[in-house]
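To start, the structure itself, in structure tokens.
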Amino acid sequence: MTADQSPDRSISITNNRIVRFLFTSKRVQHAVNLVTVAVFFYAIYRAAVGPTDPSRNFGSVAFFGFWWAPIMILSLLFFGRIWCYFCPLGAIVRFTQRFGLRRHFPMYTQSKRTVFGLQLSILSLTAVTFILARWGMADLGVSYSPGRVPYYWLAIVGVAVAVSLVYQRQAFCRYVCPATGVMSVTAKFSPLEVAQNRETGVTCATLEYKSDYLSTDRRCTACMKCTSQQPDEDVELRFRWPGAKAVTERIPLVDEAIIALVIWGSIPINFVLGSAILTALSGRFPSLLVSTTAYLASVIAALVAFAAANKLASAWSGVDWEPSFTKFGLSYAPLGLMWALGDFVIAGLLENGGHTVNVLAQGLGIPLSLPAGASPSVVSAWVSVFVTGWLWLAVLWSGAIAWQVATVLTDSKRRALKAFAPHFALMTTSTFGLVVGVVTGVSYPIA
Ligand code: SF4
Ligand code: SF4
């Protein structure tokens, strides 16, 4: 959809003078970024010098109890790529690249590599960086060892600075940032989009897909160059069916389908299949080797299971392998997103929300003593809802998108059913396996 084809359900938020000022002034973003960069480095410092207990360490709590979940996940799920506006790394990238060599990032989008009949582009690199980032958080123990937090973040800052000193146009943000590919997928499932309602004529700072207007729906990094250079163009808040964009995407990319499947494999599948592998192998091999094997096995299992279902769907319905892979792959994203929301965000807040706020406030010198979290009976009631309703809601959401994809890719109900059935069968059986895993204690849906 082009900017001119904006949907009806939208409001121009820049009609308000204060909002217009916030969205169109570069100084405002600079001020916001000064604060976020300062908090970022302060949290790294406090992680290094604070208590070794991660639940009492300001840095650990700020990064993993507050920023990653709930802030990052909620902003991704409800507002697409809006986080990029605030991101300290994005600010560091924009600042650093001024002094760099300004070379073009090696682009494979024109000469794509074909792997298993799928044309991959450089965007798939972000699936790898996401896998590595999550491996660091979970398997290298960064999220529960405050002493490792500075190494983790300073390594990412080092890569961001190095890439920006060589390549131009926020290359780190477009192709390397562990969050960027995930955001390009989750943005298609958010019910709200912040976007300009027509092209500004300003050349986009990233030149991504020749876009020249702000949109939290695409690979825009919210640098605000287009809004600040054309302050009279409206910025809208648009409402749409969550996931409709996965069906109507004008330039569908195999890479984004792979990222959606990696999210599914590395979050829910890893929590149950990975936990089962951990239990079976622990004690026999070094723990890092076991946890890494469990994690990679979960991601590979998700990709292989999907490929098998897609092969069957493609052969049965006559839909070509690659378009089928690309469109149906995206439809699996809600299975991972709903798990992240229900487990990391809702369960996490119920268990530790008050404690998280207390640690953050105390770390900033504000004495606060809220109750640590909800009562055990409330947490346990949520776990019941999670397995009996929440995960099945995710299947319904994914299934509805898959059905829409099937009808778009085929010319009859009969062929659509043949394309849809193997995928829906995989969604339901895998979710049944997750529910059994949670109920039997293989894993626990608590962040
Ligand atoms: S793409 Fe990544 S590094 Fe760049 S602004 Fe967005 S979140 Fe930050
Ligand atoms: S579309 Fe506008 S805000 Fe987005 S990256 Fe390009 S210039 Fe920056």
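General observations
- With a simple spin-label model that places each label point 7 Å from the Cα along the Cα-to-Cβ direction, the separation between THR428 and TYR42 comes to 5.2 nm.
- When the chain is treated as a Gaussian network with alpha carbon springs shorter than 10 Å, the biggest mean-square fluctuation among ARG240, ARG113, ARG56 belongs to ARG113.
- If R0 equals 35 Å, the separation of the Cβ atoms of TYR151 and LEU101 corresponds to a calculated FRET efficiency of about 0.80.
- Enclosed volume per residue, in Å³, of the convex hull spanned by Cα atoms of the range 174-303: 117
- Using C-alpha pairs below 8 Å separated by at least 6 residues, the relative contact order for the range 1-243 is 29 percent.
- The stretch between ILE13 and TRP316, if pulled fully straight at 0.36 nm per residue, gains 104.3 nm over its current Cα-Cα span.
- Pairs over the 21 Å Cα-Cα cut-off, from the set LYS188/LYS413; LYS188/LYS327; LYS311/LYS413; LYS112/LYS418; LYS245/LYS418: LYS188/LYS413; LYS112/LYS418; LYS245/LYS418.
- Gaussian network model of the chain, Cα within-10 Å springs - most flexible of VAL128, VAL182, VAL142: VAL128
- Accessible area of the chain belonging to carbon and sulfur atoms, whole % at 1.4 Å probe: 67
- Taking all Cα pairs closer than 8 Å and separated by 6 or more residues, the relative contact order of the chain comes to 18 percent.
- The convex hull drawn around the Cα atoms of the range 329-427, when projected onto a plane and averaged over every direction, covers 8.1 nm².
- Accessible area in square angstrom per residue, the chain, 1.4 angstrom probe: 45
- Span from the the range 343-405 Cα centroid across to the the range 103-169 one, whole angstrom: 28
- For the chain, the alpha-carbon coordinates run over 56, 51, 40 Å along the three principal axes, in decreasing order.
- Where only alpha carbons of the range 252-447 are counted, the Rg and the Dmax (Å): 19.4, 64
- Only one residue of PRO371, ALA361, VAL262 has its Cα farthest out toward the positive end of the dipole of the range 252-447, where Lys and Arg carry +1 and Asp and Glu -1 on Cβ, and that residue is VAL262.
- Shape class of the range 1-243 from the alpha-carbon gyration tensor: prolate, with a/c at 1.5 or above and a/b greater than b/c.
- Packing-based order for 60-68, 153-161, 40-48, using average beta carbon neighbours within 10 Å, highest first: 60-68, 40-48, 153-161
- Subtracting the Cα-Cα distance of ILE71 and THR279 from 0.36 nm times their residue separation leaves 71.7 nm of extension gain.
- Separation of alpha-carbon centers, the range 76-99 and the range 258-299, rounded to whole Å: 30
- Most simply put, the range 1-243 has about 90% antiparallel DSSP beta bridges, counting only bridges with both residues inside it.
The values are calculated or read from the model by the stated rules, or taken from the named source; none is laboratory data. Just so it is clear, the structure is predicted and the values come from calculations on it, not from any experiment. FYI the Cβ positions are ideal-geometry reconstructions off the backbone, even for glycines, and counts take in every protein chain you see. All accessible areas refer to the heavy atoms of the entire protein, side chains included, with ligands and DNA or RNA removed. Shrake-Rupley method; radii C 1.70, N 1.55, O 1.52, S 1.80 Å.
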